[in-house]
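The structure under discussion appears below in the form of structure tokens.
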Amino acid sequence: MAKPLTDQDKRKQISVRGLAGVENVADLKTNFNRHLHFTLVKDRNVATKRDYYFALANTVRDHLVGRWIRTQQHYYEKDPKRVYYLSLEFYMGRTLQNTMVNLALENACDEATYQLGLDMEELQDIEEDAGLGNGGLGRLAACFLDSMASLGLAAYGYGIRYEFGIFNQKISNGWQVEEADDWLRYGNPWEKARPEYMRPVHFYGRVEHTAEGVKWVDTQVVLALPYDTPVPGYRNNIVNTMRLWSAKAPCEFNLKDFNVGGYIQAVLDRNLAENISRVLYPNDNFFEGKELRLKQEYFVVAATLQDIIRRFKASKFGSTEFVRLDLSTLPDKVAIQLNDTHPALAIPELMRILVDIEKLSWEKAWDIVVRTCAYTNHTVLPEALERWPVDLFHNLLPRHLEIIYEINRRHLERITKLYPGDVDRMRRMSLIEEGDVKKINMAHLCIVGSHAVNGVARIHSDIIKSTVFKDFYDVDPQKFQNKTNGITPRRWLVMCNPGLAEVIAEVCLLLIIQTESCELEQLCIRKEPNKPWIPRTIMIGGKAAPGYHTAKMIIKLITSIGDIVNNDPVVGDRLKVIFLENYRVTLAEKVIPAADLSEQISTAGTEASGTGNMKFMLNGALTIGTMDGANVEMAEEAGEENLFIFGMRVNDVEEMDKKGYDAVSYYNRIPELKKAVDQVSGGSFSPGQPGLFKDLVNMLMHHDRLELIYADAVEANPKEWTKMVIHNIAGCGKFSSDRTISQYAREIWGMEPTLEKIAAPDDPR
Ligand SMILES: *Cc1c(COP(=O)(O)O)cnc(C)c1O
């Protein structure tokens, strides 16, 4: 693909791809060859494509190092407030091209590799995705890191360095098969291990209440080993840090037995401790109450808080005599953002540090905790809300359980004073849910322990105030905010769609896409095969959680429909149904710029925000969508006439729920719908297995909480395509994560974003 660029090409690409100056290119070639020789220990006779990728990655990485060190020095000198973004997921995707874009090195690297006889795109394709996330929540964390660096905020992402990220999906016979994501097999050139900053994390044990205070004793220790990844801002010479913890057994792990057999077994058992960071739980919007997952959640929190306190105390500001006494200025210097309830243990853990270790009074400690922490809610779906059994806590984190009980006691005392005798309200608002198994409601813990609670789109933030968290809104309305999600325009425009980025940058060319569209489906084509149907390819991608049977059946249904439709001679090339295998960040970057239409058809009130919708909008696809999540604000920004809005609003859904949703009545009323459903349940798409999709259709007709049949019954009729595309692109500015992060910074963290650059170091030779 690498062709010599004409002068005109180069001029056009300068603004988005960086300058390919002769000196720049010569330096890059020199450093590439140096890395091939000294780092990869290869010559060009034996080097593989992967060696070339690593040589290029290391060459680009060299340009980060000086900026990274300088940024951290800059923060030490200026001692600004720091924000810590705590997340169990960082869905980063690839790093090489993003680094080149943000450092304006892309053109120069392209030219250098071309002169070396290599194809840069081919090398880029060798990089593994860092798939440390399931979907929207993890990708949001990644977009936020990019924006926080680009806005000059002293920010840190803290999470877990999973040895295995989200599984690789293979489609075999139309069914999903999972494969382990061994992304670190060939090494990761973007991370730097920091064993010197290893921290102990305690589990199990028991609590002693002594005259000198509370002691958590007889614990099992696992070490947290940090790996740092640089996070460059967009052309501002800032490089922030994402620090991911890896679990390491201590040297003395299980070495109580001194006989030889005991020693061998003890070494083998080190795996047990190190399993904590082995694998990402592949659940999106679903809570699975496994002990190992709770260990992961405490592991990241405990290691991170030690780091935060250490950095605070070591800072110029924090090391004054006054602050050493009581850490009361922590909220002036530190903001902790909790990405959903997954890192909720930060609240009781910070209390434990302040009360048990720093010996602050409960009241003083609580004030510090609440002013430091803030919580982002990502869903109202009840199956996704974390509710951990008390028994699990009692065993694994006995001191934290005590602290949570004390938080709850004081919280309910306040509620009783506000609503004397309102027992039902007390029950609803308690952090502890009574029942067969007592459970801790982690969202309630987060709301009580934070000064700010936000939803991720306006409609979602309104819904949490009026439904799931209404009781909490009634007593603390000032806590509740909205921060509509966003996406980074670096990865989701400049990087994946440089042509469009250039057009937008120049703001002078019109998109000339002469398209009209009409609702197409197989049934219609077969009925009127001679009509001039516009050829259409429908692409569907996504991963089913390995234990989620219905989701797997839906994938099988899609691939089965594809098998029939794609081989139907009457339909021909006018309709294709493709299931995209192994949908992930890198595939999204390829497929989203190619799309004309984006379907965002969640039942109103169920999608908190969505960010895929924003990526499509930015890349010139039009949206067919319900008034749900961020679609509502997209319609507001682009003009409602420039999206294909259809279906029930939240109010309509509520009305229907009152009356009782009955899928069968829609099925009976709409002949096309009936025919489609009958074909699925009747075996038209599963030759040889007529009953394959019976259960799935039964679910749809009788047990579908999302009320999907209704959505399928509606049609859209798009016109004036080009004009609509332009209105969409022109209106999508709001959905930059730079806007989102500016609002978090000013309205939650008490920080001020800046577009200023810091001084660049001399580039390495
Ligand atoms: C953006 C993104 C998501 C989230 O998409 P939604 O449409 O908001 O659910 C999930 N996976 C990948 C790979 C993404 O890039």
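Every number in this text was worked out from the coordinates using simple rules, so none of it is lab data. Computed from a predicted model, the values in this text were never measured in an experiment. Ideal geometry is used to build each Cβ from the backbone, glycine not excepted, and the neighbour counts take in all protein chains shown.
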Next on the checklist: For a Förster distance of 51 Å, can you work out the FRET efficiency between the beta-carbons of residue 640 and residue 198, rounded to the nearest 0.05?
Outcome noted: 0.40
Checklist entry - Over 29 Å between Cα atoms, which of 543/590; 675/723; 316/364 qualify? => result 675/723
Next on the checklist: If I take R0 = 51 Å and measure r between the Cβ atoms of residue 292 and residue 755 in this structure, what FRET efficiency does the formula 1/(1 + (r/R0)^6) give, to the nearest 0.05?
Outcome noted: 0.75
Next on the checklist: Using a Cα-Cα cut-off of under 12 Å, which aspartates and glutamates could be cross-linked to residue 170, ignoring same-chain neighbours fewer than 8 residues away?
Outcome noted: 178, 179, 181, 581
Checklist entry - Using unit Cβ charges (K, R positive; D, E negative) and no other charged atoms, how large, in debye to the nearest 20, is the dipole of the chain about its Cα centre? => result 1240 debye
Item to check | the chain: antiparallel DSSP beta bridges as a percent of all, rounded to 5 | outcome: 50 percent
Checklist entry - Which three extents, in whole angstrom, do the alpha-carbon atoms of the chain cover along their principal axes, largest first? => result 89, 74, 58
Checklist outcome for this item: Number of Lys pairs in segment 7-120 closer than 24 Å at Cα, excluding neighbours under 8 places apart unless interchain, is 4
Next on the checklist: Explain nothing, just the number: dipole magnitude of segment 67-115 about its Cα centre with +1 on each Lys and Arg Cβ and -1 on each Asp and Glu Cβ, in debye rounded to the nearest 20.
Outcome noted: 300 debye
Checklist entry - Over what distance in Å are the Cα centres of segment 439-472 and segment 80-139 separated? => result 34 Å
Checklist outcome for this item: Projected onto the charge dipole of the chain (unit charges on the beta-carbon of Lys, Arg, Asp and Glu, signs +1, +1, -1, -1), the Cα from 339, 217, 137 with the largest positive-side position is that of 217
Checklist entry - Which length gain, in nm to one decimal place, applies between residue 33 and residue 434 when the Cα-Cα distance is subtracted from 0.36 nm times their residue separation? => result 137.8 nm
Item to check | Label zone at residue 180 (point 7 Å along Cα-to-Cβ), backbone N below 12 Å, segment 93-137 | outcome: none
Next on the checklist: Can you compute the modelled spin-label distance between residue 78 and residue 657, with each label point 7 Å from Cα toward Cβ, in nm?
Outcome noted: 4.6 nm
Next on the checklist: As a test of the formula, what do you get for the chain when each DSSP H run with n ≥ 4 contributes -39,500 (n - 2.57) and the sum is divided by the residue count, at 222 nm and rounded to the nearest 500 deg cm²/dmol?
Outcome noted: -12500 deg cm²/dmol
Checklist outcome for this item: Hits for the chain under the membrane-span-like helix rule (DSSP H, Cα axial span at least 20 Å, Kyte-Doolittle mean at least -0.5) are 136-150, 291-314, 549-565
Checklist entry - Roughly speaking, what is the centre-to-centre gap between segment 230-254 and segment 577-636 when only Cα atoms are used, to the nearest Å? => result 31 Å
Next on the checklist: Give me the one-decimal nm value for the distance between modelled label points at residue 422 and residue 255, 7 Å along each residue's Cα-to-Cβ direction.
Outcome noted: 5.8 nm
Checklist entry - Rounded to the nearest 0.05, what FRET efficiency do residue 49 and residue 573 have when you use their Cβ-Cβ distance and R0 = 30 Å? => result 0.30
Checklist outcome for this item: Two pseudo-spin positions, 7 Å from Cα along C-beta at residue 170 and at residue 506, lie apart in nanometres by 4.6 nm
Next on the checklist: Cross-link candidates for residue 192: which lysines have Cα within less than 20 Å, leaving aside residues fewer than 8 places away along the same chain?
Outcome noted: 248
